[in-house]
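J.: Take this structure, written in structure tokens, and hold onto it; I'll ask about it next.
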Amino acid sequence: MNEARVAMVTGAGSGIGRAVASAFIAAGYRVILAGRRADALVQTIRLANGNEDNALHVVADVCDRQSVADLFAACQARFGRLDVLFNNAGIANAPTPLEDLDFDAWEKVLSTNVTGTFLCLQNAFRVMKSQAPRGGRIINNGSIAAVSPRPGSIAYAASKHAVTGLTKTAILEGRKYDIACSQIDIGNAHTGLASDFGEGVAQADGSRKGEPVMDIENVASAVLYMASLPLDANVQSLTLLATKMPFVGRG
């Protein structure tokens with residue numbers, strides 16, 4: 001791996017973001033780790049054996065335009081370019097019947113997952129189209145919910161369907177700038193969001209059943225593979241899920 005390659009990971013303080021940021025560091029990338037908590041970002045760098053030369057943590061709120069602009073400015077000031085963005089920051093609403101969902105909860109999920117993804121996409125485009133060599137790769141974190149939602153997850157499902165629209169549009173608009181865009185839809189990775197899946201999770205028939213989960217390192221390996229491709233090749237979409245979880249054919 002060329003040590004000059006630069007990757008940014010949002011939501012890098014925990015879960016999938018932490019695993020992917022750690023994988024980038026281990027693979028020789030210089031990495032910008034973004035998130036809302038400095039202590040969590042510093043811990044990610046420490047756990048990955050990162051150092052001041054190959055890792056920069058930036059406290060950022062993806063819902064805030066100025067905060068996102070400052071994040072990308074910090075990336076350029078430190079490393080001079082951006083080759084890969086893993087657009088990962090996101091939240092989910094607690095399982096709630098749609099008629100009972102609090103409007104503030106709806107707005108928070110949509111602001112983080114849709115507006116946050118858009119703002120990072122927009123700023124990444126601005127950097128990647130103007131740098132030399134031109135171009136780069138953007139990988140959006142979708143979800144199985146972008147295709148097949150669960151009951152009680154209307155805000156999260158709507159937001160992840162919107163991420164698919166953002167990805168498809170970015171694929172088209174990125175071509176003329178040598179920007180390759182893609183999406184990874186992840187099902188039942190062992191993170192905080194899926195920590196209780198083994199005990200029971202809502203099914204389409206109204207029941208609750210335990211579901212298998214997979215090691216989060218599988219996600220990190222998949223993102224690293226997508227990022228490693230030359231810009232004339234692209235994994236447009238990738239679905240990665242626990243083999244025995246219910247999804248295909250509803251079973």
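Values in this text are rule-based calculations from the coordinates and carry no lab data. Note that the coordinates shown come from a computational prediction; the quantities given were computed from them, not determined experimentally. Methodologically, a virtual Cβ is constructed for each residue, glycine included, from the backbone with ideal geometry; neighbour enumeration extends over all protein chains shown.
J.: Work through the residues other than Gln122 whose Cβ is under 15 Å from its Cβ and net out their charges, Lys, Arg +1 and Asp, Glu -1.
T.: Working: positive: Arg65, Arg126, Lys129; negative: Asp64, Asp70, Glu173.
In short, 0.
J.: Same structure again: Pick out, from Gly210, Val147, Asn123, the residue whose Cα sits farthest towards the positive end of the charge dipole of the chain, with +1 on the Cβ of Lys and Arg and -1 on the Cβ of Asp and Glu.
T.: Towards the positive end, the residue furthest out is Asn123.
J.: Determine the sum of side-chain charges near His161: Lys and Arg each +1, Asp and Glu each -1, restricted to other residues whose C-beta is under 12 angstrom from that of His161. Don't skip to the answer; put the middle values down first.
T.: On the way: positive: Lys160, Lys168; negative: Asp185.
That works out to +1.
J.: In deg cm²/dmol, rounded to 500, what helix-only [θ] at 222 nm does the chain give when every DSSP H run of at least 4 residues adds -39500 (n - 2.57) and the total is split over its residues? It would help to have the intermediate numbers written out before the result.
T.: Details: 7 runs with 93 residues, N = 251.
Calculated mean residue ellipticity at 222 nm is -12000 deg cm²/dmol.
J.: What's the extension gain from Ala73 to Tyr225 if we count 0.36 nm per residue and subtract their Cα-Cα distance? Display every interim value, and only then the final one.
T.: Working: separation 152, 0.36 × 152 = 54.72 nm, distance 2.67 nm.
Answer, rounded to one decimal: 52.1 nm.
J.: How much length is gained if the chain between Lys244 and Arg46 is pulled fully straight, taking 0.36 nm per residue apart and subtracting their Cα-Cα distance, in nm to one decimal?
T.: Values: separation 198, 0.36 × 198 = 71.28 nm, distance 3.38 nm.
Residue separation times 0.36 nm, minus the Cα-Cα distance, leaves 67.9 nm.
J.: Report the gain in length on full extension from Thr169 to Ala233: 0.36 nm times residue separation, minus Cα-Cα distance, nm rounded to one decimal. Show your work: numbers first, answer last.
T.: Values: separation 64, 0.36 × 64 = 23.04 nm, distance 1.73 nm.
21.3 nm is the gain from fully extending Thr169 to Ala233.
J.: Given the convex hull of the Cα atoms of the chain, what is a quarter of its surface area in nm²? Let's see the in-between values first.
T.: Numbers: hull surface 51.9 nm².
Seen from a random direction, the Cα hull of the chain projects 13.0 nm² on average.
J.: Now a separate question. What lysines could a cross-link reach from Lys168, if we take a straight Cα to Cα line under 19 Å and drop same-chain neighbours fewer than 8 places away?
T.: Result set, ordered by chain and number: Lys129, Lys160, Lys176.
J.: With a cut-off of 8 Å between alpha carbons and a minimum separation of six or more residues, what is the relative contact order of the range 6-250 in percent? Don't jump to the answer; show the numbers that get you there.
T.: Details: 475 pairs, mean separation 43.6, N = 245.
Contact order relative to length: 18 percent.
J.: What's the longest uninterrupted piece of the chain once you rule out the GluC sites (Glu not before Pro) that are loop residues per DSSP with at most 15 other Cβ within 10 Å? It would help to have the intermediate numbers written out before the result.
T.: Values: sites that count: Glu3, Glu52, Glu199.
The longest uninterrupted stretch comes out as 53-198.
J.: By the scheme Lys and Arg +1, Asp and Glu -1, what is the net charge of all other residues having a beta-carbon under 11 Å from that of Gln131? Before the final figure, lay out the partial values.
T.: Details: positive: Arg81, Arg126, Lys129, Arg134; negative: Asp83, Asp178.
The answer is +2.
J.: Viscosity 0.890 mPa s, temperature 25 °C: give me the Stokes-Einstein translational D for the range 1-47 in µm²/s, with Rh taken as the Kirkwood radius over C-alpha pairs.
T.: Diffusion coefficient, whole number: 239 µm²/s.
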